[in-house]
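Read through the structure below, which is laid out as structure tokens, and then see the notes.
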Amino acid sequence: AVVDREGRLVASAGDPMLVTFWRSAAKPFQAMPLVAHGAADHFGFGSPELALACASHSSEPVHRSVAGRMLARIEVGEEALACGPHPPLSPLVANEVVRQGVLMTPVWSNCSGKHAGMLALARFHGWPLTGYETRGHPVQEAVLHEIERWTGVPRDRMVLGVDGCTVVSFGLPLLAMALAYARFGVSDEAPARRLRRAMTEEPLLTAGQGRLETDLALVTGGRAIAKIGADGVYCATLPEAGLGVALK
């Protein structure tokens, strides 16, 4: 589905109304409350931290370092991350883990930046840290509000599930995902501008070496911002064209 900022379907292949889970392609919108509520400023998060909050990273040393820095700034231990570890998305890093017999910890998760950002939001408000990833927690309620706002889909029309990293996942039509990205690419709202800037200034942190999101940002000079989900989901915004793209 290719959609403009007004929600008009510009182009499609297959079924643009197919409902599927947004998975990690939702991360820029899951990071929106971190900026909008003032938590990012409170903890001194700049473009590197915000890019990692939007990332499905490759567990490279730089990714683990920034995730650790985020946790240190909010004075929360790594054990608070509900994502747990998993094999790195980068084959090179995954092979190195096997060769060296590395015992991976939660910062190795491709979602560790997102989870650190959610913990920062909870810490900022004084909300409970335990259960921050579960439906009904104030962190997830703040995220759900943003998902509704950017996609135009009311929560009672979403399919809510649990993502592989344990947070709430959102089942939506491809058209709604593309609309959110079209709006994200042209929005004048300060949180959206900051997250866009972070993803274009720090493309290595949003994914990693040899990854589509990183390479596309570098090749286009930031004129295309892409995000992988999982199970074949990709989304992108083309700000100059005012378009959003969602692919399953």
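The values are calculated or read from the model by the stated rules, or taken from the named source; none is laboratory data. What you are looking at is a predicted structure, and each value in this text was computed from that prediction instead of being measured. We place every Cβ from the backbone using ideal geometry, glycine too, and count neighbours over all the protein chains shown. All accessible areas refer to the heavy atoms of the entire protein, side chains included, with ligands and DNA or RNA removed. Shrake-Rupley method; radii C 1.70, N 1.55, O 1.52, S 1.80 Å.
Remarks
- ³J(HN,Hα), Karplus 6.51/-1.76/1.60, whole Hz, each residue of the stretch 229-246, x for Gly, Pro: x, 7, 6, x, 9, 9, 9, 7, 10, 10, x, 5, 8, x, 10, x, 10, 10
- When the charge dipole of the stretch 62-111 is built from unit charges on Cβ atoms (+1 for Lys and Arg, -1 for Asp and Glu) and taken about the Cα centre, the candidate among I74, L103, P91 whose Cα reaches farthest toward its positive end is P91.
- Of V143, V159, V186, the one that fluctuates the most in a GNM where the chain has Cα springs shorter than 10 Å: V159
- Angle in degrees between helix 91-100 and the longest Cα principal axis of the chain, rounded to the nearest 10: 20
- Å² per residue, accessible surface of the chain at 1.4 Å: 41
- Estimated 222 nm signal from helices in the chain, with DSSP H stretches of n ≥ 4 weighted -39500 (n - 2.57), rounded to 500: -12500 deg cm²/dmol
- Whole-percent pair-distance distribution, where bins are 10 Å wide, for the alpha carbons of the stretch 103-248: 11, 36, 41, 12, 0
- For the stretch 134-210, a crude dipole built from +1 on the beta carbon of Lys and Arg and -1 on the beta carbon of Asp and Glu, taken about the Cα centre, is about 100 debye to the nearest 20.
- Rounded percent of accessible protein surface that carbon and sulfur make up, the chain, 1.4 Å probe: 55
- Peptides ranked, highest mean first, by Cβ atoms within 10 Å: ranges 231-241, 49-59: 49-59, 231-241
- Considering every alpha-carbon pair of the chain, the percent of pairs per 5 Å bin, from zero through the bin containing the longest distance, is 1, 7, 15, 20, 21, 17, 11, 5, 2, 0, 0.
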